[in-house]
Amino acid sequence: MNLRQGHIELRFDEERLRDVLRHLYASNKALKAGILENATNADTGASIAEYAYFNEFGTKNIPARPFFRNAISDNTDTWAASIKNQLKTMGVTDKNVVEKALKKTGQLMRSDIQQSISKGGFEPLSPATIKRKGKATPLIDTRDMFNAISYEVVDGRSSS
C-alpha cells in the first residue's frame, strides 16, 4: 500500500490473492482513491489534496486528524476482498472485468473514506478556530474536502 499526495494505491499480497493479481496485472489497470490531484477549491483554486495532507498529518498549527489512515487501517482487508469477490462474481470471460471490479471497489473506498471523516473522533478545533468558523466540527467546514473524495481507474501501473 502506498499513501502519497492524497491517494492510495493498493498492492496485494501475492500469496493470498494470486488469481486476483494475475487478472489485475494482465489488465494493466490501477485504482486510485482519495483526493485526486485535480481537486481544487472552487472559490480559491487551492489544492484540496494539499489541504487534506495538512489535516491528515498535521502541521505546526494544525493537529493531525488522520481520516485517511484510519479509513485504510479499518478497511484494507474489505477493499481487497471486494476486488476478489467482484472478480469471482463477474468471471473472467468479461474483458472489462478488472476495470468493473476496480470501479465497484473505488465506490466502496470513497464511501469508507467519507465515513471516516464523518465518524470524527479527532482532536477538537481550537476555541479560536471555532469562533472564526462558527462551528466545532473538524474536517467538515465547506464540505469541499469531503466531496472531493473520489476514485479513478487508470491505465498502467505506477509507483505514484
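Each reported figure results from applying straightforward, stated rules to the coordinates on display, with no laboratory input. Bear in mind the structure is a predicted one, so any value in this text is a computation, not a measurement.
Provide the per-residue ³J(HN,Hα) series for segment 136-147, in order, calculated from phi with Karplus coefficients 6.51, -1.76, 1.60 and θ = phi - 60°, each as a whole number of Hz, with x at glycine and proline positions.
10, 8, x, 6, 10, 10, 8, 6, 4, 5, 4, 6
Of the cross-linked pairs LYS29/LYS103; LYS32/LYS88; LYS60/LYS119; LYS60/LYS133; LYS84/LYS119; LYS60/LYS135, which ones have a Cα-Cα span greater than 18 Å in the structure shown?
Pairs exceeding the cut-off: LYS32/LYS88; LYS60/LYS119; LYS60/LYS133; LYS84/LYS119; LYS60/LYS135.
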